[in-house]
Amino acid sequence: MTSAPVLPVDRPATAPRSFHVLAKPSGPICNLDCSYCFFLEKEALYPGDRFRMTDDVLHAYIRQVIESQAAPEVTIAWQGGEPTLMGLDFFRRAVAYAEECGGPHRTLHHTIQTNGTLLTDEWCAFLREKQFLVGISIDGPELLHDVYRVDKQGRPTYERVKVGLDRLTRAGVEWNVLCTVHAANQALPVEVYRFFRDELGAKFVQFIPIVERVTEGSDELTDRSVNPAAWGEFLTAVFDEWVRHDVGEVFVQMFDAALASWYGAPAALCIFAETCGNAVALEHNGDLYSCDHFVDPAHLLGNITETHMVELMASPQQRAFGNAKRDTLPTQCRECPVLFACRGECPKNRVRVTAAGEPGLNELCEGYLHFFTHIDGVMRLMVDALARGGHAGEVVETFASAGRNDPCPCGSGRKAKHCHG
Ligand code: SF4
Ligand code: SF4
């Protein structure tokens with residue numbers, strides 16, 4: 001173990017200045033068995049493996065991720081499977097080693113994504129002390145959550161998640177909600193959002209669409225997958241609720257990312273970035289993959305115990321993976337009025353052909369076109385407020401002060417009383 005802070009390594013010219021690593025210390029292994037989980041099939045990549053990150057890999061990850069970042073801020077991110085299966089002592093060692101390597105000149109941010117069911121008070125005290133940001137996977141109120149989020153016996157999990165969440169809250173841990181949107185909850189956007197806001201007290205919410213292939217490589221999707229039009233309606237309905245009540249109070253990752261696009265800032269979310277390649281996945285054994293959604297042999301970059309991750313990030317293979325997102329867009333996307341915000345979304349969801357017969361159209365295209373078109377007026381209001389030195393939250397007041405017979409502030413051209421947008 002080192003006893004001195006590490007210094008930045010020499011960076012190959014093609015290495016990104018900063019990048020994000022999602023480390024999976026227990027690989028795809030989880031104590032639950034959610035119906036739509038794409039990690040479970042990944043066990044087949046490492047047959048017979050125990051899926052436990054060794055301390056050698058742990059040290060290589062932390063040391064290299066700190067050495068690799070040009071910026072003083074470094075995020076150490078953990079995900080699964082279910083990372084808490086590694087046990088608390090593993091994370092105590094991880095943080096202690098990160099603090100040694102980081103030294104006084106690096107600001108460390110620790111994050112962990114969990115289903116919450118294994119969180120004890122001892123866990124929560126540690127997470128609080130080390131200022132972890134904890135992402136909790138929860139799909140809405142109990143009846144909606146329990147449709148697909150079940151354990152290995154097929155039993156519902158909501159109550160166990162809620163116990164973990166309550167422990168986090170009592171301990172004062174900062175947490176956010178990660179909600180997948182699928183066939184079971186897609187029709188109830190406002191109910192789901194209000195539940196997070198009003199029942200759980202969530203301040204940060206992420207929505208992730210489930211687009212799940214029937215078999216690897218097939219373009220046929222499961223019945224659990226979100227319907228493209230319903231995905232657009234879902235985002236639109238939550239946006240309308242948020243913009244009237246919660247801007248500046250509740251942060252919805254997708255809306256923040258949209259605002260960044262309208263403002264002309266770099267994309268805040270990889271799915272809406274022009275290119276990929278700056279968010280990699282680290283398996284338990286040190287194998288580094290192009291992205292968490294492409295953990296397969298074709299996207300294996302190498303192993304960080306043999307090659308430094310900054311070199312793997314700079315490799316022609318990873319740069320080509322990143323640029324392919326932009327370079328394989330079909331003409332329909334290239335000519336789309338909301339391309340600047342959508343960017344064809346995530347390549348893993350590009351399973352459709354366009355009307356002209358070109359491959360590479362996103363399954364969720366219809367939904368995104370509807371959503372981004374719908375929010376244009378409000379986004380312009382927010383950008384105007386920011387340009388005047390104000391803040392995006394002023395828009396809540398704009399809506400509140402609009403008379404029922406006034407034109408709706410959303411820019412639809414309809415009277416406010418007739419407008420939901
Ligand atoms: S493949 Fe999808 S999830 Fe991965 S970096 Fe690209 S947009 Fe993000
Ligand atoms: S809305 Fe559809 S056509 Fe437009 S950029 Fe997105 S996926 Fe492409």
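Each value in this text was obtained by applying a stated rule to the coordinates, not by laboratory testing. Because the structure is a prediction, the values reported are computed rather than measured. No Cβ is skipped: glycine too gets one built from the backbone with ideal geometry, and neighbour counts run over all protein chains shown.
Scanning segment 203-224 for residues that are within 21 Å of residue 367 (Cα to Cα) and of a type in the set (Asp, Glu) returns 212, 219, 220, 223.
Residues to consider are 282, 269, 301; find the one that is more than 30 Å from residue 386 (Cβ to Cβ) and either free of Cβ contacts under 8 Å to residues at least 40 places away in the same chain or hydroxyl-bearing (Ser, Thr, Tyr) (or both).
Going through 282, 269, 301 in turn, just one is more than 30 Å from residue 386 (Cβ to Cβ) and either free of Cβ contacts under 8 Å to residues at least 40 places away in the same chain or hydroxyl-bearing (Ser, Thr, Tyr) (or both): 301.
Taken over segment 167-183, residues that are surrounded by 17 or more Cβ atoms within 10 Å (Cβ to Cβ) and assigned to a loop (DSSP other than H, G, I, E, B) amount to 3. Considering only residues in segment 370-394 that are touching a helix residue (DSSP H, G or I) at 6+ places or on another chain (Cβ under 7 Å) and within 16 Å of ligand 2 (Cβ to nearest atom), the one that is farthest from residue 234 (Cα to Cα) turns out to be 379. Screening residue 316 with (1) under 25 Å from residue 359 (Cβ atoms); (2) within 16 Å of ligand 2 (Cβ to nearest atom); (3) not acidic (Asp, Glu) gives one miss only, at (2).
Residues of segment 325-344 that are crowded, with 18+ Cβ neighbours inside 10 Å and more than 6 Å from ligand 2 (Cβ to nearest atom): 325, 329, 330, 341, 343. Identify the single condition in (1) out of contact with any Cys (no Cβ under 7 Å at 6 or more places or on another chain); (2) closer than 30 Å to residue 182 by Cα; (3) surrounded by 15 or more Cβ atoms within 10 Å (Cβ to Cβ); (4) among the hydrophobic types (A, V, I, L, M, F, W, C) that residue 44 does not satisfy, given that it satisfies every other one. Condition (3) is where residue 44 drops out.
Filtering 211, 192, 205, 226 for residues that are buried (at least 18 other Cβ atoms within 10 Å of the Cβ), part of a helix (DSSP H, G or I) and either in contact (Cβ under 8 Å) with a residue 24 or more places away in the chain or within 16 Å of ligand 2 (Cβ to nearest atom) (or both) leaves a single hit, 192.
Results for (1) more than 16 Å from ligand 1 (Cβ to nearest atom); (2) closer than 29 Å to residue 213 by Cα; (3) outside any loop (DSSP other than H, G, I, E, B); (4) more than 21 Å from the chain's Cα centre (by Cα), shown as yes or no for each residue.
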| site | (1), (2), (3), (4) |
| --- | --- |
| 341 | no, yes, yes, no |
| 345 | no, yes, no, no |
| 373 | yes, yes, yes, yes |
| 381 | yes, no, yes, yes |
| 386 | yes, no, yes, yes |
| 389 | yes, no, no, yes |
| 396 | yes, no, yes, yes |
| 405 | yes, no, no, yes |
| 410 | yes, no, no, yes |
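At least 3 residues being surrounded by 18 or more Cβ atoms within 10 Å (Cβ to Cβ) is the threshold, and among the strands (runs of 3 or more DSSP E) wholly inside segment 248-320 those reaching it are 279-282, 287-289.
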